[in-house]
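Taking it in order: structure first as structure tokens, then the write-up.
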Amino acid sequence: NPDGCEFLLVFDDGNFSESDTVLLSDAIGHLPTEVLAKNFAVGEQAFKNVPKEELFIFQADLPGSLEADQKAAAGARGRSPQNFAFRTMEMPPTLKTKGGDVRVVDSSNFKASTTAMALVTVHPGGLRELHWHPNADEWQYYISGKGRMTVVAAGNRARTMDFQEGDVGYVQKTLLHYIENTGDTDLVFLEMFGKVDRFQDLSFSEWLAHTPPEAVMAHLRIDKATFDAIPKNGGVVMPL
């Protein structure tokens, strides 16, 4: 694209940095030309213009067609049987409600994935319901809109934060939280979970609805009608 492109890199190690990646130009630039010539079976002159500094983002000719690149990458061994790209917006929503929708991508529909992800859209006035994730910490990237999140931890601790386009959020595994749309346009964000191949989500409403009514009513001091109104199957994005 002559206008450039934007992409998001997500790593499953909080200590990792893109700066730690070994770049092609960096690796080759540290090798003697005679070694390169022997390794690639060409003359030393072929590598006379190899850059001595790393090339991170730089100008080059526009690539050819996708088909040509795929053919070159396949080589003599042929194409990999595994797909390494998933068209999230081409899939129907995993769940759609009046409040918004969610598209879940994990190893159940993207076999190569060892990271789980959900693309969440919350309409104005909607709520990503109270919930927690039992199997992994959650990283969030806010694509558009404005939102507010409260995270509740043990020991009488909680924190509420506002988010907007380009912000990153974090929720530790098993901590109760919600995300509310506080703007007048759709709130769109990613939920990402490293080192797990399945998306797992526990609805607070569903958990309460399957707890003995007397225990819930005693703890929250609510009546039976209120308890009976709690959604028994959760909703992911409210209202249902």
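Tabulated data for the structure shown
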item: Cβ-Cβ under 8 Å pairs, at least 6 apart or on other chains, segment 5-31 side under 30 Å from E165 (Cα atoms) and not assigned by TED's automatic domain parsing to the domain that holds G166, far side hydrophobic (A, V, I, L, M, F, W, C) and not in a loop (DSSP other than H, G, I, E, B); result: L8/L190; V10/W139; V10/M192
item: A116 vs. criteria out of contact with any Leu (no Cβ under 9 Å at 6 or more places or on another chain), within 19 Å of S203 (Cα to Cα), surrounded by 10 or more Cβ atoms within 10 Å (Cβ to Cβ) and small (G, A, S); result: yes
item: Identity of the residue in segment 1-48, within 30 Å of F189 (Cβ to Cβ) and touching a Gly at 6+ places or on another chain (Cβ under 8 Å), that ends up surrounded by the fewest Cβ atoms within 10 Å (Cβ to Cβ); result: D13
item: Top-ranked residue in segment 91-113 [being outside any loop (DSSP other than H, G, I, E, B) and basic (K, R); ranked as surrounded by the fewest Cβ atoms within 10 Å (Cβ to Cβ)]; result: K96
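The values are calculated or read from the model by the stated rules, or taken from the named source; none is laboratory data. The shown structure was predicted, so the numbers you read here are calculated from the model rather than taken from an experiment. Cβ: placed from backbone, ideal geometry, glycine included. Neighbour counts: every protein chain shown.
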